[in-house]
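Note sheet for the following structure.
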Amino acid sequence: MQQLSDHATSAPQAPGPSFSRVKDVTLSVVVPLYNEELVIDAMYDRLTMALRDCVDSYEIVMVNDGSRDRTLQLALEICRRDKAVRLLNFSRNFGHQIAITAGMDRCRGRCIVVIDADLQDPPEVIAQMLEKWREGYHVVYGVRAQRKGETWFKRVTAKAFYRFLRRMTPVEIPVDTGDFRLIDRRVLSELYRMREQARFVRGMVSWVGFKQAEVQFVREERFAGETKYPLRKMLRFAIDGVLSFSQLPLKVASAFGFLSALVSFLFMVYGLVQRAFYPESVVPGWASIFSAILFIGGVQLICLGILGEYVGRIYEEVKRRPLYIVQDEVNFE
Ligand code: UDP
Ligand code: MG
(Lines give C-alpha, C1' and ligand atoms only; values in the text may rest on other atoms or scores of the structure.)
(Ligands and ions follow the chains in the order given, each with its own letter.)
Protein backbone atom coordinates (compact mmCIF):
# COMPACT_ATOMS: atom_id res chain seq x y z
CA MET A 1 0.00 0.00 0.00
CA GLN A 2 1.23 3.42 -0.77
CA GLN A 3 2.02 5.49 2.25
CA LEU A 4 0.00 8.59 2.80
CA SER A 5 2.33 11.52 3.14
CA ASP A 6 2.32 13.50 6.38
CA HIS A 7 2.50 16.73 4.50
CA ALA A 8 0.16 18.23 2.05
CA THR A 9 1.36 17.65 -1.48
CA SER A 10 2.59 20.75 -3.21
CA ALA A 11 0.18 23.11 -4.88
CA PRO A 12 -1.76 21.43 -7.68
CA GLN A 13 -0.41 21.82 -11.16
CA ALA A 14 -2.52 23.41 -13.85
CA PRO A 15 -5.67 21.32 -14.11
CA GLY A 16 -5.83 18.55 -16.62
CA PRO A 17 -3.41 15.74 -17.43
CA SER A 18 -0.82 15.98 -20.14
CA PHE A 19 -2.10 14.81 -23.49
CA SER A 20 0.03 11.71 -23.74
CA ARG A 21 -1.68 10.28 -20.67
CA VAL A 22 -5.18 10.84 -21.89
CA LYS A 23 -4.97 8.19 -24.57
CA ASP A 24 -4.61 5.11 -22.39
CA VAL A 25 -7.81 5.47 -20.40
CA THR A 26 -11.14 5.47 -22.16
CA LEU A 27 -13.42 6.32 -19.28
CA SER A 28 -12.88 8.02 -15.94
CA VAL A 29 -15.56 7.85 -13.31
CA VAL A 30 -15.47 10.57 -10.67
CA VAL A 31 -17.04 9.73 -7.32
CA PRO A 32 -17.25 12.37 -4.56
CA LEU A 33 -17.34 10.88 -1.07
CA TYR A 34 -18.45 12.53 2.12
CA ASN A 35 -19.17 10.24 5.05
CA GLU A 36 -20.11 7.33 2.83
CA GLU A 37 -18.72 4.40 4.87
CA LEU A 38 -22.03 2.57 4.52
CA VAL A 39 -22.11 2.66 0.75
CA ILE A 40 -18.53 2.80 -0.51
CA ASP A 41 -17.95 -0.95 -0.80
CA ALA A 42 -21.28 -1.69 -2.44
CA MET A 43 -20.72 1.25 -4.76
CA TYR A 44 -17.27 0.02 -5.78
CA ASP A 45 -18.54 -3.51 -6.49
CA ARG A 46 -21.52 -2.44 -8.54
CA LEU A 47 -19.67 0.27 -10.40
CA THR A 48 -16.78 -2.03 -11.29
CA MET A 49 -19.15 -4.70 -12.50
CA ALA A 50 -20.98 -2.22 -14.70
CA LEU A 51 -17.75 -0.77 -16.10
CA ARG A 52 -16.18 -4.12 -16.96
CA ASP A 53 -19.18 -4.84 -19.14
CA CYS A 54 -19.09 -1.72 -21.21
CA VAL A 55 -15.57 -0.38 -21.62
CA ASP A 56 -12.07 -1.77 -22.18
CA SER A 57 -10.14 0.56 -19.93
CA TYR A 58 -11.36 2.72 -17.14
CA GLU A 59 -10.31 4.41 -13.93
CA ILE A 60 -12.32 5.37 -10.89
CA VAL A 61 -11.29 8.64 -9.28
CA MET A 62 -12.59 8.85 -5.75
CA VAL A 63 -12.47 12.15 -3.95
CA ASN A 64 -12.70 11.98 -0.19
CA ASP A 65 -14.18 15.31 0.79
CA GLY A 66 -13.06 15.49 4.41
CA SER A 67 -15.17 12.59 5.66
CA ARG A 68 -15.32 12.15 9.43
CA ASP A 69 -16.13 8.47 9.37
CA ARG A 70 -14.25 5.44 8.00
CA THR A 71 -14.67 6.41 4.35
CA LEU A 72 -10.96 7.16 3.93
CA GLN A 73 -9.80 3.82 5.38
CA LEU A 74 -12.24 1.91 3.22
CA ALA A 75 -11.23 3.86 0.14
CA LEU A 76 -7.54 3.16 0.83
CA GLU A 77 -8.33 -0.50 1.18
CA ILE A 78 -10.01 -0.49 -2.22
CA CYS A 79 -7.06 1.37 -3.78
CA ARG A 80 -4.69 -1.24 -2.43
CA ARG A 81 -6.62 -4.05 -4.09
CA ASP A 82 -7.40 -2.30 -7.34
CA LYS A 83 -4.92 -0.01 -9.08
CA ALA A 84 -7.66 1.28 -11.39
CA VAL A 85 -9.01 3.17 -8.41
CA ARG A 86 -7.31 6.44 -7.58
CA LEU A 87 -7.97 8.57 -4.58
CA LEU A 88 -7.69 12.26 -3.80
CA ASN A 89 -7.98 13.02 -0.13
CA PHE A 90 -8.95 16.60 0.70
CA SER A 91 -7.53 18.37 3.73
CA ARG A 92 -11.09 19.17 4.88
CA ASN A 93 -14.65 19.25 3.60
CA PHE A 94 -14.81 21.53 0.58
CA GLY A 95 -18.25 20.58 -0.70
CA HIS A 96 -19.75 18.37 -3.34
CA GLN A 97 -19.22 20.62 -6.37
CA ILE A 98 -15.60 21.24 -5.49
CA ALA A 99 -15.00 17.52 -5.00
CA ILE A 100 -16.37 16.88 -8.47
CA THR A 101 -14.10 19.59 -9.84
CA ALA A 102 -11.01 18.02 -8.28
CA GLY A 103 -11.90 14.65 -9.79
CA MET A 104 -12.34 16.27 -13.19
CA ASP A 105 -9.01 18.08 -12.84
CA ARG A 106 -7.09 14.91 -12.24
CA CYS A 107 -8.81 12.26 -14.32
CA ARG A 108 -7.28 11.02 -17.57
CA GLY A 109 -10.10 9.43 -19.51
CA ARG A 110 -11.09 10.36 -23.01
CA CYS A 111 -14.48 10.85 -21.48
CA ILE A 112 -15.61 11.04 -17.89
CA VAL A 113 -18.72 10.29 -15.90
CA VAL A 114 -19.60 11.98 -12.62
CA ILE A 115 -21.66 9.81 -10.31
CA ASP A 116 -22.95 10.00 -6.73
CA ALA A 117 -21.51 7.51 -4.29
CA ASP A 118 -24.87 6.49 -2.88
CA LEU A 119 -25.98 4.45 -5.92
CA GLN A 120 -28.89 6.80 -6.57
CA ASP A 121 -27.52 7.11 -10.07
CA PRO A 122 -27.46 3.52 -11.36
CA PRO A 123 -23.98 2.67 -12.77
CA GLU A 124 -25.63 0.53 -15.45
CA VAL A 125 -26.84 3.72 -17.15
CA ILE A 126 -23.20 4.52 -17.98
CA ALA A 127 -23.37 1.95 -20.81
CA GLN A 128 -26.15 3.94 -22.46
CA MET A 129 -24.22 7.15 -21.99
CA LEU A 130 -21.17 5.62 -23.65
CA GLU A 131 -23.31 4.55 -26.58
CA LYS A 132 -24.41 8.13 -27.14
CA TRP A 133 -20.83 9.30 -26.74
CA ARG A 134 -19.71 6.87 -29.43
CA GLU A 135 -22.42 8.30 -31.66
CA GLY A 136 -20.59 11.61 -31.35
CA TYR A 137 -22.24 13.51 -28.51
CA HIS A 138 -19.96 15.53 -26.25
CA VAL A 139 -22.17 15.63 -23.19
CA VAL A 140 -24.71 13.02 -22.20
CA TYR A 141 -26.67 13.99 -19.13
CA GLY A 142 -28.94 11.77 -17.09
CA VAL A 143 -32.50 12.98 -16.76
CA ARG A 144 -34.34 11.86 -13.68
CA ALA A 145 -37.54 10.49 -15.13
CA GLN A 146 -38.60 9.44 -11.67
CA ARG A 147 -37.22 9.93 -8.19
CA LYS A 148 -37.58 7.16 -5.67
CA GLY A 149 -37.24 7.36 -1.93
CA GLU A 150 -37.09 11.10 -1.67
CA THR A 151 -39.53 13.15 0.37
CA TRP A 152 -42.34 14.85 -1.52
CA PHE A 153 -40.88 18.11 -0.27
CA LYS A 154 -37.56 17.46 -2.01
CA ARG A 155 -39.26 16.25 -5.18
CA VAL A 156 -41.56 19.27 -5.41
CA THR A 157 -38.91 21.86 -4.54
CA ALA A 158 -36.36 20.30 -6.91
CA LYS A 159 -38.85 20.24 -9.75
CA ALA A 160 -39.85 23.85 -9.11
CA PHE A 161 -36.23 24.95 -8.77
CA TYR A 162 -35.05 23.56 -12.11
CA ARG A 163 -37.97 25.21 -13.89
CA PHE A 164 -37.40 28.48 -12.10
CA LEU A 165 -33.70 28.37 -12.96
CA ARG A 166 -34.49 27.80 -16.62
CA ARG A 167 -36.59 30.96 -16.70
CA MET A 168 -33.96 32.98 -14.88
CA THR A 169 -31.00 32.37 -17.14
CA PRO A 170 -30.19 32.59 -20.82
CA VAL A 171 -28.04 29.45 -20.48
CA GLU A 172 -29.97 26.32 -21.48
CA ILE A 173 -29.77 24.24 -18.33
CA PRO A 174 -31.82 21.08 -18.85
CA VAL A 175 -34.46 20.44 -16.18
CA ASP A 176 -34.34 17.52 -13.72
CA THR A 177 -30.69 16.71 -14.30
CA GLY A 178 -28.05 16.43 -11.63
CA ASP A 179 -24.34 15.97 -12.02
CA PHE A 180 -24.72 12.40 -13.24
CA ARG A 181 -23.48 12.87 -16.78
CA LEU A 182 -20.84 11.90 -19.28
CA ILE A 183 -18.48 14.59 -20.49
CA ASP A 184 -16.07 14.34 -23.39
CA ARG A 185 -12.46 15.41 -22.96
CA ARG A 186 -13.02 18.26 -25.41
CA VAL A 187 -15.64 19.80 -23.11
CA LEU A 188 -13.56 19.01 -20.06
CA SER A 189 -10.62 20.95 -21.40
CA GLU A 190 -12.89 23.98 -21.71
CA LEU A 191 -14.19 23.47 -18.19
CA TYR A 192 -10.61 23.62 -16.89
CA ARG A 193 -10.54 27.24 -17.84
CA MET A 194 -13.46 28.08 -15.59
CA ARG A 195 -11.98 28.43 -12.13
CA GLU A 196 -14.83 30.23 -10.41
CA GLN A 197 -15.34 29.61 -6.71
CA ALA A 198 -19.12 29.41 -6.65
CA ARG A 199 -19.42 26.30 -8.76
CA PHE A 200 -22.67 25.03 -10.12
CA VAL A 201 -21.10 22.33 -12.25
CA ARG A 202 -24.25 21.20 -14.07
CA GLY A 203 -24.79 24.78 -15.22
CA MET A 204 -21.17 25.21 -16.25
CA VAL A 205 -21.33 22.13 -18.44
CA SER A 206 -24.41 23.53 -20.17
CA TRP A 207 -22.73 26.89 -20.55
CA VAL A 208 -19.84 25.34 -22.46
CA GLY A 209 -22.20 24.05 -25.13
CA PHE A 210 -21.23 21.38 -27.74
CA LYS A 211 -23.48 18.52 -28.77
CA GLN A 212 -25.53 17.40 -25.83
CA ALA A 213 -27.86 14.44 -25.50
CA GLU A 214 -29.91 12.98 -22.69
CA VAL A 215 -30.51 9.56 -21.22
CA GLN A 216 -33.55 8.95 -19.04
CA PHE A 217 -33.20 6.96 -15.86
CA VAL A 218 -35.03 6.25 -12.64
CA ARG A 219 -33.29 7.78 -9.66
CA GLU A 220 -33.08 5.07 -7.05
CA GLU A 221 -33.38 5.36 -3.34
CA ARG A 222 -30.18 6.08 -1.46
CA PHE A 223 -28.49 2.72 -0.89
CA ALA A 224 -27.62 3.50 2.74
CA GLY A 225 -26.75 6.43 4.95
CA GLU A 226 -28.45 9.77 4.71
CA THR A 227 -28.41 12.73 2.40
CA LYS A 228 -25.50 15.13 2.75
CA TYR A 229 -27.69 17.96 1.54
CA PRO A 230 -29.79 19.25 4.42
CA LEU A 231 -32.21 22.07 3.62
CA ARG A 232 -29.71 24.79 4.47
CA LYS A 233 -27.07 23.46 2.07
CA MET A 234 -29.65 22.81 -0.61
CA LEU A 235 -30.80 26.43 -0.42
CA ARG A 236 -27.24 27.68 -0.63
CA PHE A 237 -26.67 25.48 -3.65
CA ALA A 238 -29.85 26.75 -5.30
CA ILE A 239 -28.85 30.38 -4.71
CA ASP A 240 -25.40 29.62 -6.13
CA GLY A 241 -27.06 28.18 -9.18
CA VAL A 242 -29.23 31.20 -9.79
CA LEU A 243 -26.66 33.87 -9.00
CA SER A 244 -23.83 32.35 -11.00
CA PHE A 245 -25.98 32.14 -14.11
CA SER A 246 -28.28 35.10 -13.89
CA GLN A 247 -28.28 38.81 -13.22
CA LEU A 248 -32.04 38.88 -13.17
CA PRO A 249 -32.22 39.36 -9.36
CA LEU A 250 -30.31 42.62 -9.78
CA LYS A 251 -32.71 43.72 -12.45
CA VAL A 252 -35.63 42.82 -10.23
CA ALA A 253 -34.04 44.96 -7.53
CA SER A 254 -33.92 48.00 -9.76
CA ALA A 255 -37.45 47.25 -10.98
CA PHE A 256 -38.53 47.39 -7.32
CA GLY A 257 -36.82 50.76 -7.05
CA PHE A 258 -38.55 52.15 -10.12
CA LEU A 259 -41.90 50.83 -9.01
CA SER A 260 -41.73 52.40 -5.57
CA ALA A 261 -40.46 55.65 -7.07
CA LEU A 262 -43.44 55.67 -9.42
CA VAL A 263 -45.89 54.97 -6.59
CA SER A 264 -44.46 57.75 -4.44
CA PHE A 265 -44.56 60.15 -7.39
CA LEU A 266 -48.25 59.41 -7.93
CA PHE A 267 -48.85 60.01 -4.25
CA MET A 268 -47.10 63.35 -4.51
CA VAL A 269 -49.28 64.45 -7.40
CA TYR A 270 -52.33 63.31 -5.51
CA GLY A 271 -51.26 65.31 -2.43
CA LEU A 272 -50.57 68.47 -4.41
CA VAL A 273 -53.88 68.29 -6.26
CA GLN A 274 -55.70 67.75 -3.01
CA ARG A 275 -53.92 70.64 -1.39
CA ALA A 276 -54.63 73.04 -4.28
CA PHE A 277 -58.26 72.26 -4.91
CA TYR A 278 -59.66 70.89 -1.68
CA PRO A 279 -57.55 72.50 1.07
CA GLU A 280 -60.25 71.88 3.68
CA SER A 281 -60.15 68.11 3.13
CA VAL A 282 -56.41 67.72 3.94
CA VAL A 283 -56.06 65.38 6.89
CA PRO A 284 -52.88 64.82 8.93
CA GLY A 285 -52.31 61.55 7.05
CA TRP A 286 -49.61 60.06 9.23
CA ALA A 287 -50.76 56.54 8.44
CA SER A 288 -50.01 56.86 4.75
CA ILE A 289 -46.65 58.50 5.40
CA PHE A 290 -45.79 55.83 7.88
CA SER A 291 -46.63 52.97 5.59
CA ALA A 292 -44.86 54.62 2.67
CA ILE A 293 -41.68 54.92 4.73
CA LEU A 294 -41.89 51.32 5.82
CA PHE A 295 -42.54 50.20 2.29
CA ILE A 296 -39.61 52.08 0.81
CA GLY A 297 -37.39 50.96 3.67
CA GLY A 298 -38.33 47.35 3.06
CA VAL A 299 -37.71 47.60 -0.64
CA GLN A 300 -34.33 49.20 -0.02
CA LEU A 301 -33.28 46.48 2.36
CA ILE A 302 -34.31 43.76 -0.06
CA CYS A 303 -32.33 45.40 -2.83
CA LEU A 304 -29.34 45.83 -0.57
CA GLY A 305 -29.57 42.16 0.33
CA ILE A 306 -29.59 41.11 -3.31
CA LEU A 307 -26.67 43.42 -4.01
CA GLY A 308 -24.89 41.99 -0.98
CA GLU A 309 -25.20 38.45 -2.31
CA TYR A 310 -23.42 39.47 -5.48
CA VAL A 311 -20.80 41.58 -3.71
CA GLY A 312 -20.05 38.68 -1.38
CA ARG A 313 -19.49 36.45 -4.37
CA ILE A 314 -17.24 39.01 -6.03
CA TYR A 315 -15.22 39.09 -2.81
CA GLU A 316 -14.86 35.32 -2.84
CA GLU A 317 -13.75 35.39 -6.47
CA VAL A 318 -11.18 38.17 -6.22
CA LYS A 319 -9.36 36.44 -3.39
CA ARG A 320 -8.33 33.82 -5.95
CA ARG A 321 -7.83 31.13 -3.38
CA PRO A 322 -7.26 27.64 -4.66
CA LEU A 323 -10.53 25.75 -5.05
CA TYR A 324 -9.40 22.88 -2.84
CA ILE A 325 -6.41 21.42 -1.08
CA VAL A 326 -5.38 17.84 -1.70
CA GLN A 327 -3.70 16.29 1.30
CA ASP A 328 -2.92 12.88 -0.20
CA GLU A 329 -3.03 11.20 -3.57
CA VAL A 330 -3.11 7.46 -4.02
CA ASN A 331 -2.46 5.46 -7.20
CA PHE A 332 -1.60 8.53 -9.24
CA GLU A 333 2.06 7.34 -9.30
N1 UDP B 1 -20.81 14.96 -1.12
C2 UDP B 1 -19.51 15.47 -1.02
N3 UDP B 1 -19.30 16.56 -0.21
C4 UDP B 1 -20.31 17.16 0.49
C5 UDP B 1 -21.63 16.66 0.34
C6 UDP B 1 -21.84 15.56 -0.48
O7 UDP B 1 -18.58 14.96 -1.62
O8 UDP B 1 -20.04 18.13 1.20
C9 UDP B 1 -21.04 13.78 -2.00
C10 UDP B 1 -21.77 12.62 -1.35
O11 UDP B 1 -20.87 11.75 -0.71
C12 UDP B 1 -22.46 11.97 -2.55
C13 UDP B 1 -22.74 13.14 -3.46
O14 UDP B 1 -21.88 14.21 -3.05
O15 UDP B 1 -21.60 11.08 -3.24
C16 UDP B 1 -24.19 13.58 -3.42
O17 UDP B 1 -24.61 13.78 -2.09
P18 UDP B 1 -26.01 13.23 -1.56
O19 UDP B 1 -26.30 11.90 -2.15
O20 UDP B 1 -26.02 13.29 -0.07
O21 UDP B 1 -27.02 14.31 -2.15
P22 UDP B 1 -28.52 14.06 -2.62
O23 UDP B 1 -28.49 12.93 -3.59
O24 UDP B 1 -29.29 13.72 -1.38
O25 UDP B 1 -28.93 15.35 -3.23
MG1 MG C 1 -27.74 11.10 -3.18
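Listing for the model above:
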| item | result |
| --- | --- |
| Estimated [θ] at 222 nm from DSSP helical runs (n ≥ 4, -39500 (n - 2.57)) normalised by residues in the chain, nearest 500 | -15500 deg cm²/dmol |
| Value of Rg/Rh across the stretch 144-213 [Cα atoms, Kirkwood radius] | 1.00 |
| Carbon/sulfur fraction of accessible area - the stretch 41-173, other protein chains in place, 1.4 Å, % | 49 percent |
| Centre separation in Å (Cα based) which lies between the stretch 43-98 and the stretch 234-313 | 51 Å |
| Nearest-20 debye value, the chain charge dipole, Cβ charges on Lys, Arg, Asp, Glu | 760 debye |
| Computed lengthening from A160 to V311, 0.36 nm per intervening residue step minus Cα-Cα distance | 51.7 nm |
| R0 of 56 Å, Cβ-Cβ distance V318-V175: FRET efficiency to nearest 0.05 | 0.95 |
| Solvent-accessible heavy-atom area per residue, rounded to whole Å², over the chain at 1.4 Å | 54 Å² |
| Percent carbon-and-sulfur accessible area, the stretch 187-280, ignoring ligands, DNA and RNA, probe 1.4 Å | 66 percent |
| Overall form of the stretch 79-154 per C-alpha gyration tensor (a/c, 1.5; a/b vs b/c) | oblate |
| Local electrostatic count at R92 - Lys and Arg +1, Asp and Glu -1, tallied over other residues with Cβ under 11 Å | 0 |
| Gaussian network model of the chain, springs between alpha carbon atoms under 10 Å - residue of M104, M204, M268 with greatest fluctuation | M268 |
| Most mobile listed residue (R195, R70, R321) in the chain, GNM with C-alpha springs under 10 Å | R321 |
| Nearby lysines by direct alpha-carbon distance to K154 (threshold 28 angstrom, same-chain neighbours under 8 apart not counted) | K228, K233 |
| Cβ-Cβ FRET estimate between M194 and S57, R0 fixed at 35 Å, reported to 0.05 | 0.80 |
| 0 to 90° range, to nearest 10: angle between helix 125-134 axis and the chain longest Cα axis | 90 degrees |
| Net charge over other residues, Cβ less than 10 angstrom from the Cβ of D118 (K, R count +1; D, E count -1) | -4 |
| Among P122, P15, P230: highest mean-square fluctuation, GNM of the chain, C-alpha pairs under 10 Å | P230 |
| Convex hull of the chain built on C-alpha atoms - directionally averaged projected area, nm² | 21.2 nm² |
| Under 17 Å from the V218 label point (7 Å along Cα→beta-carbon), backbone N, the stretch 138-167 | 143-151 |
| Formal net charge of residues neighbouring G149 (Cβ-Cβ distance under 9 Å; K, R +1; D, E -1) | +1 |
| Additional length obtainable on full extension of the chain from K148 to K211, 0.36 nm per residue less Cα span | 19.7 nm |
| Rg followed by Dmax, in Å, when the stretch 263-328 is reduced to its Cα trace | 23.7, 82 |
| Net lengthening on full extension, L301/E280 (0.36 nm per residue, minus Cα-Cα) | 3.9 nm |
| With eigenvalues of the C-alpha gyration tensor scaled by 5 and rooted, the stretch 192-322, Å | 48, 18, 16 |
| All lysines inside 18 Å of K211 as judged from Cα atoms, apart from same-chain residues fewer than 8 positions distant | K132 |
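The values are calculated or read from the model by the stated rules, or taken from the named source; none is laboratory data. Bear in mind the structure is a predicted one, so any value in this text is a computation, not a measurement. Note that each Cβ is placed from the backbone with ideal geometry, even for glycine, and that neighbours are counted across all protein chains shown. These area figures cover heavy atoms from the full protein model, side chains too; ligands, DNA and RNA do not enter into them. Shrake-Rupley method; radii C 1.70, N 1.55, O 1.52, S 1.80 Å.
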